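Right, one structure below, let's go through it.
Bear in mind these aren't lab numbers, they're just calculated from the coordinates by the rules spelled out. None of the values given here were measured: they were computed from a predicted structure. Methodologically, a virtual Cβ is constructed for each residue, glycine included, from the backbone with ideal geometry; neighbour enumeration extends over all protein chains shown.
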């Protein structure tokens, strides 16, 4: 009898925890949407919505954010430094920001590039320069490999472009799995603390400090929504094997490629990703930033803008 009662109380406790977790995750998602609504517009590509922000006039420039990101990473300050001479289009990648996931699992770099190329066509972008930061660099390279004749140049900012050694992040690998993944994602969405989020943001910027007001503007709660957390985890977990296939193909590219990478970046290593590309691709030009970490688009904006201008000039756009 006591075993049955204990099991009953255990089931009641589990039900309470599940209900509390669900309620808290949904409440946090609603609060995030209220505080950080879409800042741009939507276009439909083969029935799939894509959220974008577009500003400025001139040659077309596309900006692709990194893992855990959204359009706000670029609209915080960089976009306004470019609109005097480019028509800048910033996309939310699928599953992040306000572009819905393409699928629950198995979304590849090629899938993302195909979606964004379709969005570029719908928006009538004319041979854009494609800039990708961090994970966005991998998407930019997938875009170049599949549609080299449709884009003018690539600018890679601390881009993850080559496979690396070591174990995959266990938390992301767990969230990428079926069954257990959604459970972990909902738990994180409900219960992760603001201190944890603030420390994570600070860690991405080290050894520099994040710009004042960035965390409040960026809306880190957007990636903590359960569906975004899962999409982000799946993409990050699968990326290395996709890059293993992509990397040998880079040498076939002839379009201008400008690379900007800090030598203090301990998230996406200079020697693992950008230096090999400079060696493998004849059209790649690498600018190494002394003492700069993983976020040059914020802490080394003049150098990033100069790389964009060089890419435009090399592509005959300026």
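Per-structure values
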item	result
Neighbour-count order for 218, 135, 205, 30, fewest beta carbons within 10 angstrom listed first	30, 205, 218, 135
At 1.567 mPa s and 4 °C, Stokes diffusion of segment 74-119 via Kirkwood alpha-carbon radius, µm² per second	106
Nearest-ten-degree value, helix 301-314 long axis tilted from longest Cα axis of the chain	50
Euclidean distance between Cα centres, segment 174-236 to segment 35-52, Å	21
Linear extension gain, residue 279 paired with residue 49, 0.36 nm per residue minus alpha-carbon span	79.0 nm
Cα shape, segment 141-215, gyration tensor, a/c 1.5 rule	oblate
Rounded D (µm²/s) - the chain, Kirkwood Rh over Cα pairs, Stokes-Einstein at 10 °C, 1.306 mPa s	79
Expected 222 nm ellipticity per residue - DSSP helices of 4 or more, -39500 (n - 2.57), all of the chain, to 500	-14500 deg cm²/dmol
Within segment 99-130, backbone nitrogen closer than 13 Å to the virtual label 7 Å beyond the Cα of residue 42 toward Cβ	99-101
Extension gain (nm, one decimal) between residue 179 and residue 33, 0.36 nm per residue minus Cα-Cα	50.0 nm
Three-way shape call for segment 202-318 based on the alpha-carbon gyration tensor, with the a/c threshold at 1.5	oblate
Helix axis angle, 109-122 relative to the chain longest principal axis, alpha carbon, degrees	60
Spatial separation of Cα centroids for segment 93-147 and segment 276-317, in angstrom	20
Between 0 and 90°, nearest 10: helix 180-191 axis offset from the chain longest Cα axis	90
Modelled FRET efficiency - R0 30 Å, residue 148 with residue 272, Cβ distances, 0.05 increments	0.80
Cα gyration tensor, segment 89-218 - rounded (a/c under 1.5), prolate or oblate	prolate
Among beta bridges that DSSP assigns inside the chain, antiparallel share in %, nearest 5	25
